[in-house]
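S.K.: Structure below; questions to follow.
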Amino acid sequence: MKAEHLHALQAAATQRIPVAFATRLPDGTAFILPDPAAPQALALEAATMLAADKTGMVTIGAEDWFIESRNPAPRAIIVGAVHIAQSLAPLAATMGFDVVVVDPRRAFASADRFPGVVTRTDWPDEALQALRPDARTAIITLTHDPKLDDPALIAALATDAFYIGSLGSRKTHAARLDRLREAGLTEASLARICAPVGLDIGAVTAPEIAISVIAQMVAARRGKPTRA
Amino acid sequence: MTMDSEDILTIAADWLAAGEAVAVATVTSTWGSSPRRAGSRMAVTQSGRIAGSVSGGCIEGAVAEAAQRSIETGTPQVLDFGVTDERAWEVGLACGGKVSVFVEKLA
């Protein structure tokens with residue numbers, strides 16, 4: 001691997017640009033695609049693999065190529081810079097998510113409570129519009145405050161986010177669903193919300209609840225049921 | 001893309017920047033119960049530092065040895081490990097999987 005390729009791959013990851021990294025075996029000739037200098041058959045194969053987020057070997061003509069799809073890291077947008085978020089944010093980062101914590105209450109979303117975590121203090125619906133969640137994004141609301149959670153959920157349900165979770169008991173969630181119905185959301189839309197949030201592992205403490213949420217996010221991402 | 005392979009490339013870049021001779025091993029294919037997906041990486045320095053993994057820990061030793069050879073010769077290698085291989089037990093891949101690993105010097 002050439003150092004210049006290594007640095008280009010790192011730059012693409014930082015800028016969230018999807019690329020396919022193709023290496024010919026066994027001689028190690030490599031391209032970072034899209035690249036106009038790459039052979040056309042390779043470019044076509046790499047584009048197909050990247051779109052499907054697939055990584056593996058392909059045979060092109062008489063040549064063996066290893067094509068690695070390098071799509072941007074999945075994102076976790078956590079609404080509510082609360083106690084559970086302090087456990088969830090570092091855990092999600094460890095799991096490979098780019099994490100953003102959103103809370104307009106500056107005293108909560110402070111750097112000393114979230115060292116090394118990207119925080120935003122705009123309103124959740126505005127933050128979600130700015131962050132443009134896609135199908136590689138998970139959104140978790142943790143504030144317990146309808147003034148913050150409701151607009152966040154309404155904005156989240158308008159996106160392709162692969163996971164939408166919302167903290168709150170069954171009773172809290174039932175009341176929340178009533179409010180969201182009044183706001184005009186459909187049952188099909190509301191069914192996307194995972195609540196009470198997290199896999200049922202009997203979680204009690206904040207780190208335990210964070211683990212249950214992460215487990216549910218992984219299940220959603222890997223196409224497994226999000227209810228045990 | 002997996003985040004852990006991302007971290008390994010960052011570590012490899014840091015090692016290279018620090019003046020180390022570095023090789024990178026990448027899982028290119030797996031069959032059966034191999035625990036690491038294609039794209040998983042391990043970085044090795046001539047001084048013996050290792051980051052990441054290409055299996056559940058069973059073939060890392062053999063891959064690290066091959067990495068030292070690639071660092072010395074500059075020649076990339078394709079390594080195949082598996083239960084059909086006589087060396088399966090020797091390299092410790094007794095878990096029933098097969099894995100191909102590409103090893104190359106970072107230059």
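S.K.: In debye to the nearest 20, how big a dipole does the protein assembly as shown give about its Cα centre with +1 on each Lys and Arg Cβ and -1 on each Asp and Glu Cβ? Intermediate values should be presented prior to the final figure.
M.R.: Numbers: 31 positive and 37 negative charges, 189 e Å.
Using Cβ point charges on Lys, Arg, Asp and Glu, the protein assembly as shown gives about 900 debye.
S.K.: Pick out, from A:154, A:130, A:195, the residue whose Cα sits farthest towards the positive end of the charge dipole of the range A:115-228, with +1 on the Cβ of Lys and Arg and -1 on the Cβ of Asp and Glu.
M.R.: The listed residue farthest towards the positive side: A:195.
S.K.: Rounded, prolate or oblate: which fits the range A:75-221, taking a ≥ b ≥ c as square roots of the Cα gyration tensor eigenvalues, rounded meaning a/c under 1.5, else prolate when a/b beats b/c? Mind showing how you got there, number by number?
M.R.: Numbers: a/c = 1.39, a/b = 1.21, b/c = 1.15.
Rounded shape, in that the Cα axes give a/c under 1.5.
S.K.: I want to verify a result. In a Gaussian network model of chain A, Cα cutoff 10 Å, which of these has the top mean-square fluctuation: A:158, A:127, A:81?
M.R.: Among A:158, A:127, A:81, the largest GNM mean-square fluctuation belongs to A:158.
S.K.: Tell me, what is the 1.4 Å probe accessible area of residue A:54, in Å² to the nearest 10?
M.R.: That residue has around 120 Å² of solvent-accessible surface.
S.K.: Could I ask something else about it? Could you work out [θ]222 nm for chain A from helices alone, using -39500 (n - 2.57) per DSSP H run of at least four and dividing by all its residues? Round to the nearest 500 deg cm²/dmol. Please list the in-between numbers first.
M.R.: Numbers: 8 runs with 89 residues, N = 228.
After summing the helix terms and dividing by the residues of chain A, the value is -12000 deg cm²/dmol.
S.K.: Using only the alpha-carbon atoms, how far is helix A:83-94 inclined from the longest principal axis of chain A? Give it as 0 to 90 degrees, nearest 10.
M.R.: Roughly 10 degrees between the two axes.
S.K.: OK, next. Can you tell me what share of the DSSP beta bridges in the protein assembly as shown is antiparallel? A percent to the nearest 5 is fine. Before the final figure, lay out the partial values.
M.R.: Working: 39 of 58 bridges.
In the protein assembly as shown, approximately 65 percent of DSSP beta bridges are antiparallel ones.
S.K.: Another one. Within a 10 angstrom radius of each residue's Cβ in A:21-28, how many Cβ atoms of other chains show up on average? Whole number is fine. If you can, show how the numbers build up before the last one.
M.R.: Numbers: counts 4, 0, 5, 1, 8, 7, 3, 11.
Partner Cβ neighbours, averaged per residue: 5.
S.K.: Can you tell me which lysines have their Cα less than 26 Å from the Cα of residue A:54? Leave out same-chain residues fewer than eight positions away.
M.R.: Straight-distance partners of residue A:54: A:2, A:224, B:98, B:105.
S.K.: Next question, about the same structure. Largest first, what is the accessible-area ranking of A:170, B:49 with a 1.4 Å probe? Don't skip to the end; give the middle numbers.
M.R.: Values: A:170 185, B:49 110 Å².
I get A:170, B:49, largest accessible area first.
S.K.: Can you work out the Karplus-derived ³J(HN,Hα) for every residue in the range A:212-220? Use 6.51 cos²θ - 1.76 cosθ + 1.60 with θ = phi - 60°, whole Hz, and x for glycine or proline.
M.R.: 5, 5, 4, 4, 5, 5, 5, 4, 5
S.K.: In terms of modelled amide H atoms, which long-range or inter-chain residues lie less than 5 Å from the amide H of residue A:76?
M.R.: Under 5 Å from the amide H of residue A:76: A:98, A:99, A:100, A:138.
S.K.: Give a residue-ordered list of calculated ³J(HN,Hα) values for the range B:46-58 (Karplus: 6.51 cos²θ - 1.76 cosθ + 1.60, θ = phi - 60°; whole Hz; x for Gly, Pro).
M.R.: Working through the residues one at a time gives 4, 6, x, 7, 9, 9, x, 7, 10, 7, x, x, 7 Hz.
S.K.: Another question about this same structure. For residue A:185, list long-range residues whose amide hydrogen, built 1.01 Å from N in the peptide plane, is under 5 Å from its own amide hydrogen.
M.R.: none
S.K.: Please list, or write none, the aspartates and glutamates whose alpha carbon is within less than 12 Å of the alpha carbon of residue A:147, excluding same-chain residues fewer than 8 places away.
M.R.: A:103, A:125
S.K.: State whether the protein assembly as shown is rounded, prolate or oblate according to the following rule on the C-alpha gyration tensor (a ≥ b ≥ c being the square roots of its eigenvalues): a/c under 1.5 gives rounded; otherwise a/b larger than b/c gives prolate, and the remaining case gives oblate. Don't skip to the answer; put the middle values down first.
M.R.: Values: a/c = 2.11, a/b = 2.02, b/c = 1.05.
Prolate, because a/c is 1.5 or more and a/b exceeds b/c.
S.K.: While we're here: Evaluate the distance, in nm, between pseudo-label points positioned 7 Å from the Cα of residue B:14 and of residue A:130 along their respective Cα→Cβ axes.
M.R.: The two pseudo-label positions are separated by 3.0 nm.
S.K.: Which value, in Å² rounded to 10, gives the accessible area of residue A:83 with a 1.4 Å probe and all protein chains present?
M.R.: Approximately 130 Å² for this residue.
S.K.: A follow-up question, please. Go ahead and run the numbers for FRET between residue A:172 and residue A:54, Cβ-Cβ distance against an R0 of 30 Å, rounding to 0.05. Mind dumping the intermediate values first?
M.R.: Working: r = 41 Å, r/R0 = 1.36.
Result of the calculation: an efficiency of 0.15.
S.K.: Taking θ = phi - 60°, what integer Hz values does the Karplus form 6.51 cos²θ - 1.76 cosθ + 1.60 yield along the range A:2-18, in sequence order, with x for Gly and Pro?
M.R.: Using θ = phi - 60°, the values come out as 7, 4, 5, 5, 4, 5, 5, 5, 5, 5, 4, 5, 5, 8, 6, 9, x Hz.
S.K.: Using a probe of 1.4 angstrom, how much of the accessible area of chain A is carbon and sulfur, in percent? Walk me through the numbers on the way to the answer.
M.R.: Working: 6210 of 10890 Å².
Carbon and sulfur atoms account for 57 percent of the accessible area of chain A.
S.K.: Taking the simple approach of a point 7 Å from Cα along Cα-to-Cβ for both residue A:40 and residue A:183, what is their distance in nm?
M.R.: 5.1 nm
S.K.: Assign one of three labels to the range A:3-70, namely rounded, prolate or oblate, based on the Cα gyration tensor with a ≥ b ≥ c the square roots of its eigenvalues; rounded applies when a/c is under 1.5, prolate when it is not and a/b is larger than b/c, and oblate otherwise. It would help to have the intermediate numbers written out before the result.
M.R.: Values: a/c = 1.78, a/b = 1.38, b/c = 1.29.
Judged from the Cα gyration tensor, the range A:3-70 comes out prolate (a/c at least 1.5, a/b above b/c).
S.K.: Shifting gears a bit: What spacing in nm lies between the two simple spin-label points modelled at residue B:72 and residue A:122, each 7 Å away from Cα in the Cβ direction?
M.R.: Placing both labels 7 Å beyond Cα along the Cβ direction yields 5.8 nm.
S.K.: In terms of modelled amide H atoms, which long-range or inter-chain residues lie less than 5 Å from the amide H of residue A:64?
M.R.: A:25
The values are calculated or read from the model by the stated rules, or taken from the named source; none is laboratory data. Values in this document were obtained by computation on a predicted structure and should not be read as measured data. Don't worry about glycine lacking a Cβ; one is built from the backbone with ideal geometry, like all the others, and counts go over all protein chains shown. The area values use the complete protein model at the heavy-atom level, side chains included, leaving out ligands, DNA and RNA. Shrake-Rupley method; radii C 1.70, N 1.55, O 1.52, S 1.80 Å.
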